[in-house]
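The values are calculated or read from the model by the stated rules, or taken from the named source; none is laboratory data. Keep in mind that this is a model prediction, so the values were computed, not measured. With ideal geometry, Cβ positions are generated from the backbone for all residues, glycine too; neighbour counts draw on all protein chains shown. These accessible areas exclude ligands, DNA and RNA; they are computed on the full protein's heavy atoms, side chains included. Shrake-Rupley method; radii C 1.70, N 1.55, O 1.52, S 1.80 Å.
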Amino acid sequence: MRLMVGIGSKHPAMLPELMPSLVILLADGTPAVMKQAITTGSHLFRVVLVKLVFQVLYSNEVQDPLKLSWEWLLKLKDLVFSMAFQATGNEEIRLRAVKFATAVILLYTPDPNICSDLPLQMSDNCRFNVLWLRRGHPLLNIGDLAMEASQNLILLLDQLKFPQVKSLSGSMIKGFINSLTAIAQRRPAFYGRILPVLLDLNPSNSLLKEVQLLSVLQALKNAYSECLKCVHSTAEPWCARIMQALKAMDSGGAADSKVLSGGIPSYNETKEPSTFKNEGCTKRRIFEETIDGTSEDRHPSSKRVRQDTVKETEEVVSVNQLGSMFPLLEEQGERAANSLEVLSSSISSELLADIVLANMHNLPPARPGGDKEDNGVPDSDMLATFTQLASLFQDPNLPGFNSTATKKDRAQHLPAEQGRGPGASSLQLVPPIMRAIKRELTKENKDQLQREAFVRIIESDEQLLVAGGTHMRMSLLPQIGVKFPLELNPWEALQKYVLSDYVERKGHELIVRVLYRLYLESQQSQDSHISSTATSIYESFLVTVAKALRDKFPASDKSLNKLFAEVPYLPEGVFKVLEGLCSPSLERSNAEKHDKETPSGDRITQGLSCVWSLIVLRPINRDRCLQIAFESAVHPLEEVRMKAIRLITNKLYSLVAISKRIEEFATEKLWSVVGSDPATDELNADSQQDPVLGITEAQQCMSLYFALCTKQHNLLHEIFVLFGDMPHPAKQVVHEHIPLIVRSIITSSDLLGIISDPPSGSERLVMKVLETLTDGLIPSRYLISAIKKLYAKIKDVDFLIPVLAYLPKEEILPLFPDLVNLPMDKLQTALSRMLPAVPQSASSLTPSEVLKAIHNIEPEKDGVPLKKLMEALSACFELKTIFTQQVLAKALNLLVEQIPLPFLFMRTVIQAIGVFPGLVDFSMEIMSRLVKKQVWNYPQLWMGFVKYAIHTKPHSFGALLQVPAPQLANALSKYPILKGPLVEHASQPHIRSTLPRSLLVVLGLLQDRQPPDPT
């Protein structure tokens, strides 16, 4: 079983396999085995409890092995408790079970000696405080644990009450006494419940006489002695009764007689000086820390018991008897110096004052060295002062003193040897006998006194800063407030005091103390009315303080965060306050009624900051705080909505425990916009109703999901899935937000997957994504590959437009028929994308190559209307910055060399001259080259050639005169307007001489000589 303890401490994951064996060993029947099983279970109970607390508060979850181990330990605890509180055959086993029960009570109750704040990390020797659970725990409730500890303590106390105590043996009684004493020492708050039971076990009690054994009496005496050492405020009212009980237990009053006869222990009869001196303050009784967390009192020596008895007897002697002891010790000189020092240090300040007053009559009439004055006060004045002070005790009009007491009555309080000691005066002064003045007070007077006393304690902070006691006052105020009648309403005065100067008056500390005291009252009280009243006061007090802090301090102050993080629990009213900060529209109507402004942006930030800290620090309130954050994330006001979305995406979404909840809420809101379909919109339009969903409402529902997509890229797919079914306003919102999302996840593999294989109905959205990814950016090869896959699947050239500049020319040229078929605006976009100002690669198309590619399209073969070809060429000429004069000249050079000539070549030449008139001379060269290519063989081109000649006359006359006579005659017959100017041009001598006879005949410059008729 020792091996089991080591394994459980270092490897808790193995405990679920070991615990069934421990439960079996507990029922083994062998006392030694059962005792060791209880001890092992006690140690494991504490180890698992500590690990359970640290694991939840730092990782927000409980691992299954640890949860299963805790369930087994709870079963073990029930078995051991049944052994502790029921008579069994073996008392040793029962005593060990009682120690186990004691350890559980100590674990389940707050330890005042351990900090209530959770340590940064867990260590092997870490001491446990149940207050670490005040922020909440999924398996452990601090209120339930406190209630169970209280019930178990009642069971322990019942064992020492009638009639159970009569059936117990001396060893069992001693065991119960030691356990209760250990609880009282380590949990002083239980003094009021434990000491009445222990004090009933005194020698005069008939129940104890029946089982009176020396060991029981000694254990009880040791318990009283240990309880006297407690300095806690709850133990002070019991000191007098404990000393009386100790005195009654002293055999025959021997200690009293020894003191009264002056038989003070000498130096040789006491312990060593250093040991005796420190016995009452630093040399406490040594406790052996056992494995279950309780303490066993080592058996004190008889010498120690005698010294404790002497000390306790000295504390109960009268003032006059103590006064007579000082002269006796003084006479013994150095031998009794240590005893005198111990006696002086053990007397309280109040008792010492009574001794001084009682012995003032022993002052000498003259000071030693009375011939001199000290500080200017003569001896006669000092004696007169003391005489006047003594006379006050005999004043019959002095309230509170029984001046009618006889001299004989007073003499009973005088020491046996009154004038003993040098310099004793004949003046005999006797301390007056105090008597209480009783006055009947009405209920109103009592209430007024209580109220004034409470207010006086509240306002005593300045005096306590000088005199000390601020910490005690902090603890006293909540205790008094709980005991006050409800109608006196002490909490209002306390709130007013704290909030008047929250920082200087340590308002946070005081408020937290008050709230914890109210919470304890609501959890521990058996009276349902008291419990519900304490709960109501707790909630109203906390909400009132929270609202006051909200209104009193600036938004940057963290007082609210700190208060909410440290109180026992948060009622619904606190969350209403947070909702008012985080969602101002919820309080808009109330604000308008009171002419107050809604919370500013800083206040909204303050509220969301509180929500964030509570989600992290208080797991039990996580769901409620998430609800507030979600409400703000879909708030109608954009400022509120964006602040909440930033909180959720940047801080909350990174928490594993709640990230799934956030995704589910955002997805639910995204799906809510799909419910408004076009059919519904048309129905609403016909009925003249407002549309189901507007752009503002769509933004409210979808903004959070958009923000999450930047953190979790796979969420983006859901938007594309739903896009086709979204109403028009929702699609507008998606188009507005998608560029922002895409720019933040530009290299995401999830995004590339959507582009290569988009869901049906999302093609327009994909196009928007592609435009964003290529706007001023160089697309990656992965993006280009994804776009190619998309085109191969859909065969829509629109998707290739954004990356045309980055495709090689051999891939672009086959696309021209599809590009020319596009609407004019898209074609112009394609041309601008295809022909950037700076070429992206050596394999990119040039503008002249683009013109050539358009001219090479065959309308019938490629399925492109002729009108579309002409529009495409016109679109090129509109891009003057791209298709410059030089580009057109180069393009015409390329086109004129083609065989056959392009169908629209002459139309392009005419358009080029219209855009760039400077190309006229160049075009004449083109015409000459056309003549050489026998352009008249292409009827459409020949017609264009003649029209161009007419348009460019007289520059075209040179090219026309190169045309053969038959073709020229044909052209002139069709276009007679050309003949006159051409004849005039040809009549010039230097030109006529170069023309052949056939042309001159066609022009009418020569008569055609007909050959003679052979007949």
Discussion item. Six or more apart or on different chains, Cβ atoms under 6 Å: show the pairs whose first residue is in the range 234-250 and more than 12 Å from D200 (Cα to Cα) and whose second is assigned to a helix (DSSP H, G or I) and among the basic types (K, R).
Written reply: M249/K221
Discussion item. So if I check each of D117, D78, D28, D111, which one is modelled with pLDDT under 80 and either out of contact with any helix residue (DSSP H, G or I) (no Cβ under 8 Å at 6 or more places or on another chain) or not in a helix (DSSP H, G or I) (or both)?
Written reply: D117
Worksheet item: Does at least one position in the range 726-743 carry a residue that is acidic (D, E), part of a helix (DSSP H, G or I) and surrounded by 19 or more Cβ atoms within 10 Å (Cβ to Cβ)?
Response: no
Worksheet, complete the sentence: Result of the Cβ filter at 7 Å on the range 474-487, keeping first residues that are part of a loop (DSSP other than H, G, I, E, B) and modelled with pLDDT under 75 and partners that are surrounded by 15 or more Cβ atoms within 10 Å (Cβ to Cβ) and among the polar types (S, T, N, Q), at least 6 apart or interchain, is F484/Q450
Worksheet item: farther than 19 Å from D144 by Cα, surrounded by 15 or more Cβ atoms within 10 Å (Cβ to Cβ) and of a type in the set (S, T, Y): does that describe Y519?
Response: no
Worksheet item: For P31, which of the numbered conditions (1) open to solvent by 40 Å² or more (accessible area, probe 1.4 Å); (2) under 18 Å from E17 (Cα atoms); (3) over 36 Å from the mean Cα position of the chain (by Cα) fails to hold?
Response: (2)
Discussion item. Taking the conditions exactly as written (within 25 Å of V656 (Cβ to Cβ) and open to solvent by less than 60 Å² (accessible area, probe 1.4 Å)), does L704 satisfy them or not?
Written reply: yes
Discussion item. Can you tell me which residue is surrounded by the most Cβ atoms within 10 Å (Cβ to Cβ) among those in the range 888-913 that are under 17 Å from N856 (Cα atoms) and of a type in the set (V, I, T)?
Written reply: V909
Practice prompt. Could you tell me whether any residue of the range 561-571 is farther than 21 Å from L515 by Cβ, open to solvent by less than 10 Å² (accessible area, probe 1.4 Å) and modelled with pLDDT of 85 or more?
Written response: no
Worksheet item: Of the residues that make up the range 141-149, is at least one within 22 Å of the chain's Cα centre (by Cα) and open to solvent by 10 Å² or more (accessible area, probe 1.4 Å)?
Response: yes
Worksheet item: In the range 161-205, what residues are in contact with a helix residue (DSSP H, G or I) (Cβ under 8 Å, 6 or more places away or on another chain), modelled with pLDDT under 85 and not in a helix (DSSP H, G or I)?
Response: K161, F162, L168, S169, L201, N202, P203, S204
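Among the residues of the range 795-831, write down those that are β-branched (V, I, T) and open to solvent by 60 Å² or more (accessible area, probe 1.4 Å).
Of everything in the range 795-831, just one residue is β-branched (V, I, T) and open to solvent by 60 Å² or more (accessible area, probe 1.4 Å), namely T829.
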Discussion item. Against the condition at pLDDT 85 or above and touching a strand residue (DSSP E or B) at 6+ places or on another chain (Cβ under 9 Å), how does K35 come out, does it pass?
Written reply: no
Practice prompt. Could you please let me know if S233 is in a loop (DSSP other than H, G, I, E, B), open to solvent by 30 Å² or more (accessible area, probe 1.4 Å) and modelled with pLDDT under 85?
Written response: yes
Worksheet, complete the sentence: With criteria (1) at pLDDT 80 or above; (2) surrounded by 12 or more Cβ atoms within 10 Å (Cβ to Cβ), I991 comes up short on (1)
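Condition check: open to solvent by 70 Å² or more (accessible area, probe 1.4 Å), of a type in the set (S, T, Y) and free of Cβ contacts under 8 Å to residues at least 60 places away in the same chain. Does S998 satisfy that? Give the steps one after another, and end with the answer.
On the way: open to solvent by 70 Å² or more (accessible area, probe 1.4 Å): no; of a type in the set (S, T, Y): yes; free of Cβ contacts under 8 Å to residues at least 60 places away in the same chain: yes.
No; evaluated as a whole, the condition is false for this residue.
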